[in-house]
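Below is one structure, written out as structure tokens, with a few remarks after it.
The values are calculated or read from the model by the stated rules, or taken from the named source; none is laboratory data. As the structure is a prediction and not an experimental result, all values here were calculated from the model. For neighbour counting, all protein chains shown are included, and Cβ atoms are generated from backbone atoms with ideal geometry for every residue, glycine included. These accessible areas exclude ligands, DNA and RNA; they are computed on the full protein's heavy atoms, side chains included. Shrake-Rupley method; radii C 1.70, N 1.55, O 1.52, S 1.80 Å.
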Amino acid sequence: MVGELPSWWPGAFPSESIRLGLDLQGGIHLVLEVDSDKAVANQVDFLSQQLKRELRDEEIATRDWTVDGDTGFSFDLVSRSKRDRVDSVIADRYGNVEAAATNDGRRLSYRFIQPEVDNIKQLAVDQALETIRNRVDEFGVNEPTIQRTGKDGILIQLPGVQDPERAKTLIGRTAQLEFLLVADQPGKAGEKILSGFEVDPLTGGRYDVQYNLEPEVIMTGEVISDARHRPGQLGDSPYVLITLNGHGASIFERVTRESVGRQLAIVLDGKVQSAPVIRERIGGGVASITGNFTLDEARDLAIVLRAGALPAPVTIAEERTVGPSLGRDSIVNGTRSFMLGGVMVILFMMVYYRFSGFLADLSLVLNVLILLGVLAGFEATLTLPGIAGIVLTLGMAVDANVLINERVREELRQGQPPRAALDAGYSRALPAILDSNLTTFLAGLILFQFGSGPIKGFALTLCVGIGSTIFSAVFASRVFHDLTIVRSNNRSLSI
């Protein structure tokens, strides 16, 4: 209906519309579970690599580094005499690790203390929540619901998404980016062997390749300050242009200067995306990721690189797809039932209470307009439970008008003149109206505070509706009645 408004309307009046929820316009509902144990394992790997470098700087020779379970690592000391020095380094710089019981003097084992393990798991879910929120914002979804559920779960509702598979791929992609040099002499200890592909320059065909990579990670996706997708030129596939921050640009320039003639592998989620040969020193902190992408794939990759990597893989624990046709059917059926019920109520009020019934109908229409206007003004999302809240509110509004009219009738039967009957009727009906509406309003506040998703939508429409009901039934209908009394010179009241 907003699109049918005259051109002068937006300049004179607000033109916000009520947003439709997942159940009304279709979309996807996901519950993701974060593999927090993997996040701990990643931190163990990172810590062991960092400690390895620091011990090397301290001229402490080590070998045979291994990861023990999910929380620990171990290594051999070449010289037992360095044991005290290692303990000193650990005690001074790593208060979050402790020696494991298996330390025997030469083979040293360490592990995270339990509070640190719990902290890493907590941060992994929080960081995953923030990363997914950034990705969804970049994807351009209106009114998404993204919130934590349970210990490791994340609830995601994306109304209006027409391509659920693409959205799931975008959200669930770990996007851990690493830069590693391809080993110039394959077969060294510690090499990583990862798969990738190359494109034949003559035929354009794509074939799988195994890369032997040096174990040391030169830099990760954390040094990326921006990523943009770009269309390929002269028939090439689209690619992603990444801009590194100052630290990353410095590392990238040093590595390209020292490794001219070697291949630099760009690894995304454990797969080599490209491994170009370094022809010369590259300054400026700009690099590109090629990979025979489609334009959408390049765009989505740029989004996940800008939003950052997930700290741990996520799995889909629950998935529901709501088709837009189901939402349209719900809207059509809801509109029909609302119109049918509304017409019956309006006719009943006019027949039973005559002109006062007509005034009650006016206040009821005003109530609906106020309610919808407030919802639009707050950019609220309307769902099926929200519609139920509106219907419940209108029922309470009709009940309030019936209370008022019945009290006024009683006063007229006792011989009171019209104005006095109105004063007494409204005064007697007000406590009952306030009692029933305020208790329901408090229940709605509690639902809004502790509920989530559709329950919040129901509570919001209920609370807003109660406010508009009290205003329209107690204040607006009284104004209508007073105007009627004035026009009749206090001689009659049709009720």
Legend entry - Residues located in segment 113-158, provided they are out of contact with any strand residue (DSSP E or B) (no Cβ under 8 Å at 6 or more places or on another chain), open to solvent by 30 Å² or more (accessible area, probe 1.4 Å) and of a type in the set (Lys, Arg): Lys121, Lys151
Legend entry - Residue that is most open to solvent (accessible area, probe 1.4 Å), among those in segment 15-37 that are at pLDDT 85 or above and assigned to a helix (DSSP H, G or I): Asp37
Legend entry - Answer from Arg407, Arg478, Arg413, Arg428 - the residue that is of a type in the set (Lys, Arg), more than 30 Å from Leu158 (Cβ to Cβ) and either without any contact (Cβ under 8 Å) to a residue 12 or more places away in the chain or touching a strand residue (DSSP E or B) at 6+ places or on another chain (Cβ under 7 Å) (or both): Arg413
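For a quick check of your reading: which strands (runs of 3 or more DSSP E) sit entirely within segment 153-200 and have at least 1 residues that are in contact with a Ser or Thr (Cβ under 9 Å, 6 or more places away or on another chain), of a type outside the set (A, V, I, L, M) and closer than 19 Å to Asp126 by Cα?
On the way: elements: 153-159, 177-181, 192-199.
Strands (runs of 3 or more DSSP E) meeting the threshold: 153-159.
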Legend entry - In segment 137-170, the residues that are without any contact (Cβ under 8 Å) to a residue 60 or more places away in the chain, closer than 18 Å to Glu318 by Cα and not charged (D, E, K, R): Pro144, Ile146, Gly150
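Select, from Glu178, Glu198, the only residue that is surrounded by 11 or more Cβ atoms within 10 Å (Cβ to Cβ), at pLDDT below 80 and of a type in the set (Asp, Glu). Lay out the reasoning, then the answer.
On the way: Glu178 fails: at pLDDT below 80.
Every option except Glu198 fails the conditions.
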Inset, instruction - State whether one or more residues within segment 336-355 are over 30 Å from Glu410 (Cα atoms), surrounded by fewer than 17 Cβ atoms within 10 Å (Cβ to Cβ) and either modelled with pLDDT under 80 or touching a strand residue (DSSP E or B) at 6+ places or on another chain (Cβ under 7 Å) (or both). - result: yes
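Rundown of residues vs (1) in contact (Cβ under 8 Å) with a residue 40 or more places away in the chain; (2) closer than 30 Å to Ile171 by Cβ, yes/no style:
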| position | (1), (2) |
| --- | --- |
| Leu32 | yes, yes |
| Ile60 | no, no |
| Asp68 | yes, no |
| Ser81 | no, no |
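Out of Leu362, Leu369, Leu392, which single residue is over 25 Å from Leu24 (Cα atoms) and open to solvent by 50 Å² or more (accessible area, probe 1.4 Å)? Walk me through it before giving the result.
On the way: Leu369 fails: over 25 Å from Leu24 (Cα atoms); Leu392 fails: over 25 Å from Leu24 (Cα atoms).
From the options Leu362, Leu369, Leu392, the qualifying one is Leu362.
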Inset, instruction - Mind telling me which of the residues Phe458, Phe480 ends up being surrounded by 15 or more Cβ atoms within 10 Å (Cβ to Cβ), on the phi < 0 side of the Ramachandran plot and more than 30 Å from the chain's Cα centre (by Cα)? - result: Phe480
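Would you confirm, using the coordinates I've provided, whether Arg409 is surrounded by fewer than 21 Cβ atoms within 10 Å (Cβ to Cβ), of a type in the set (D, E, K, R) and either in contact with a Leu (Cβ under 9 Å, 6 or more places away or on another chain) or not in a helix (DSSP H, G or I) (or both)? Spell out the reasoning first.
Working: surrounded by fewer than 21 Cβ atoms within 10 Å (Cβ to Cβ): yes; of a type in the set (D, E, K, R): yes; either in contact with a Leu (Cβ under 9 Å, 6 or more places away or on another chain) or not in a helix (DSSP H, G or I) (or both): no.
Judged against the criteria, Arg409 is not a match.
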Legend entry - From the options Ser250, Ser259, residue that is over 35 Å from the mean Cα position of the chain (by Cα) and surrounded by 12 or more Cβ atoms within 10 Å (Cβ to Cβ): Ser259
Legend entry - In segment 264-281, the residues that are surrounded by 13 or more Cβ atoms within 10 Å (Cβ to Cβ) and more than 26 Å from Asp300 (Cβ to Cβ): Ile278, Arg281
Inset, instruction - Look at segment 226-240 and say how many of its residues are open to solvent by 50 Å² or more (accessible area, probe 1.4 Å), part of a strand (DSSP E or B) and touching a residue at least 60 places away in the same chain (Cβ under 8 Å). - result: 3
Legend entry - Qualifying residue in segment 342-354 (condition: within 33 Å of the chain's Cα centre (by Cα) and basic (Lys, Arg)): no
Inset, instruction - Inspect segment 241-259 for any residue being in contact with a Ser or Thr (Cβ under 8 Å, 6 or more places away or on another chain), within 16 Å of Phe293 (Cα to Cα), at pLDDT below 85 and not β-branched (Val, Ile, Thr) and give the result as yes or no. - result: no
